[in-house]
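Trainee: Sharing a structure with you now.
The values are calculated or read from the model by the stated rules, or taken from the named source; none is laboratory data. Here the structure is a predicted model, which means the values were calculated and not measured. Cβ atoms come from the backbone with ideal geometry, glycine included; neighbour counts cover every protein chain shown. SASA here: full protein model, heavy atoms, side chains in, ligands and nucleic acids out. Shrake-Rupley method; radii C 1.70, N 1.55, O 1.52, S 1.80 Å.
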Amino acid sequence: MKYIVAPLILLLLPFAVFSQDNFVLEKFQPIPKKVKKISGVQYSIYKQDTTREDFSEYNFDEAGNLIKWEQFLYHAGEEREYDSLGRITELEGVYGESFANGTVSYSYLSKNQKIEIYDKMGFYQYVKSNFVFDKDKIVQEVRYDSTFDKMDNYGSSNKVNISYSYDKYGNLAEELHFLDSATEMIYEMHAIYNKNSLLNRSEHFSEKSHNYESADIKTEEYFYIEEGDFKGKVKKKVLKATLSHIDTKTETIITYTYKKLGKDSYTVEIRHFSSGKLTWHQKKTYNNDYLVKLEEYNTLESSSEPKLSSWTEYTYSFYPTSNE
């Protein structure tokens with residue numbers, strides 16, 4: 001059985017900065033090189049008791065592409081296929097009893113055009129995206145539905161104009177979505193980085209954006225480890241959301257702790273002889289796993305201080321590195 005993701009994928013070209021991986025893999029950023037699998041166990045606190053609630057798994061190929069992920073409790077996940085350029089060509093999967101179940105196929109007529117063919121639970125939709133580039137960065141996308149049906153996320157609009165802006169390090173700093181008129185903004189994102197480390201990101205959705213989470217404004221603030229073995233990895237993330245339809249403000253604080261399991265790595269040398277002569281020699285370096293623990297604290301606007309509600313422990317395993 002293969003699996004699929006519910007939200008619409010924005011950009012899947014290999015040179016695109018923003019993709020659905022930000023949604024699926026956000027908690028793991030920055031992702032280590034040569035990672036093969038990340039396995040997670042989630043623990044929750046319910047009425048002062050700790051329960052083991054969910055298991056998850058994320059699998060990568062040697063190029064670093066996410067090829068499969070699953071959340072077992074919710075019967076959700078996906079599998080992905082890529083072309084030789086690292087572009088996704090197919091997503092297939094399930095999200096419980098969601099209407100997003102099924103298959104999404106992608107084809108690329110050229111660098112500047114992507115076609116998405118949707119086939120979910122018998123529903124067919126044919127969407128095109130045309131791109132404008134500046135030095136291999138997408139600066140504009142025009143997305144339109146050739147069937148003139150309702151486009152995901154955008155109500156009855158059959159055309160959306162999207163613009164992208166980058167900082168001097170190549171990070172996506174601004175993303176703006178307009179309806180066909182190019183005057184009515186339905187989504188905006190602004191981000192600030194310290195070189196390649198995301199410090200702050202804010203998102204604002206209009207009523208016509210049909211945001212799945214129904215949050216009018218969302219902000220994220222990141223703090224990083226400054227020295228040691230895990231320098232550059234996230235140590236704390238603060239998420240805030242404003243939901244005007246129920247007049248609620250929420251805040252979630254997630255803290256990250258890291259611990260190595262065993263030694264950093266060990267090297268194995270393999271020598272092959274034939275007729276007394278050395279025919280080939282190979283060195284393989286194996287990286288041991290390490291553990292990442294995420295603690296999630298939740299608080300409402302009326303709460304005096306956040307309370308620990310759950311934590312997840314992730315174990316990383318890596319592909320061996322070879323030196324001839």
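Trainee: Quick one: Lys150 ticks every box in (1) modelled with pLDDT of 90 or more; (2) under 30 Å from Thr250 (Cβ atoms); (3) not small (Gly, Ala, Ser) bar one, so which box is it?
Mentor: That leaves (1) as the condition not met.
Trainee: A further question on this structure: Search region 219-241 for residues that are aromatic (Phe, Trp, Tyr) and assigned to a strand (DSSP E or B) and pair each with any residue that is buried (at least 17 other Cβ atoms within 10 Å of the Cβ) and modelled with pLDDT of 90 or more when their beta-carbon atoms are under 6 Å apart and the residues are at least 6 apart or on different chains.
Mentor: Every condition considered, the pairs that remain are Tyr222/Leu198.
Trainee: Also, I was wondering about something else. Can you say whether Val139 is modelled with pLDDT under 90, part of a strand (DSSP E or B) and not acidic (Asp, Glu), as far as the supplied structure shows? Break it down stepwise before answering.
Mentor: Numbers: modelled with pLDDT under 90: no; part of a strand (DSSP E or B): yes; not acidic (Asp, Glu): yes.
Spelling it out, it is not the case that Val139 is modelled with pLDDT under 90, part of a strand (DSSP E or B) and not acidic (Asp, Glu).
Trainee: When region 103-125 is examined, which residues are found to be at pLDDT 85 or above, surrounded by fewer than 18 Cβ atoms within 10 Å (Cβ to Cβ) and outside any loop (DSSP other than H, G, I, E, B)?
Mentor: If the condition is that a residue be at pLDDT 85 or above, surrounded by fewer than 18 Cβ atoms within 10 Å (Cβ to Cβ) and outside any loop (DSSP other than H, G, I, E, B), then Thr103, Ser105, Ser107, Tyr108, Leu109, Ser110, Gln113, Ile115, Ile117 are the ones that fit.
Trainee: Pairs, please: C-beta under 6 Å, at least 6 apart or cross-chain, first residue assigned to a strand (DSSP E or B) and in region 186-200, second among the β-branched types (Val, Ile, Thr) and surrounded by fewer than 19 Cβ atoms within 10 Å (Cβ to Cβ)?
Mentor: Close Cβ pairs satisfying both conditions: Leu199/Ile192; Asn200/Ile192.
Trainee: Under 6 Å by Cβ, and 6 or more places apart or on different chains, what pairs join a residue from region 121-145 that is farther than 22 Å from Asn101 by Cα with one that is surrounded by 13 or more Cβ atoms within 10 Å (Cβ to Cβ) and among the acidic types (Asp, Glu)?
Mentor: From region 121-145, the pairs are Ser129/Glu141; Phe131/Glu141.
Trainee: Could you check, for region 232-247, whether at least one of its residues is out of contact with any strand residue (DSSP E or B) (no Cβ under 6 Å at 6 or more places or on another chain), surrounded by fewer than 10 Cβ atoms within 10 Å (Cβ to Cβ), at pLDDT 70 or above and not aliphatic (A, V, I, L, M)?
Mentor: yes
Trainee: Given Glu97, Glu70, Glu90, which one is loosely packed, with under 14 Cβ neighbours inside 10 Å and either out of contact with any strand residue (DSSP E or B) (no Cβ under 6 Å at 6 or more places or on another chain) or not in a loop (DSSP other than H, G, I, E, B) (or both)? Write out each step before concluding.
Mentor: Working: Glu70 fails: loosely packed, with under 14 Cβ neighbours inside 10 Å; Glu90 fails: loosely packed, with under 14 Cβ neighbours inside 10 Å.
Unique residue meeting the criteria: Glu97.
Trainee: Filter region 74-100 down to residues that are closer than 15 Å to Ser56 by Cα and not small (Gly, Ala, Ser), then give me how many there are.
Mentor: Selection size over region 74-100: 6.
Trainee: Sort out which residues of region 73-83 are part of a strand (DSSP E or B) and open to solvent by 60 Å² or more (accessible area, probe 1.4 Å), and write them in order of number.
Mentor: In the first step, residues of region 73-83 are kept if they are part of a strand (DSSP E or B); the result is 76-82.
Listed by number, the list holds a single entry, Glu81.
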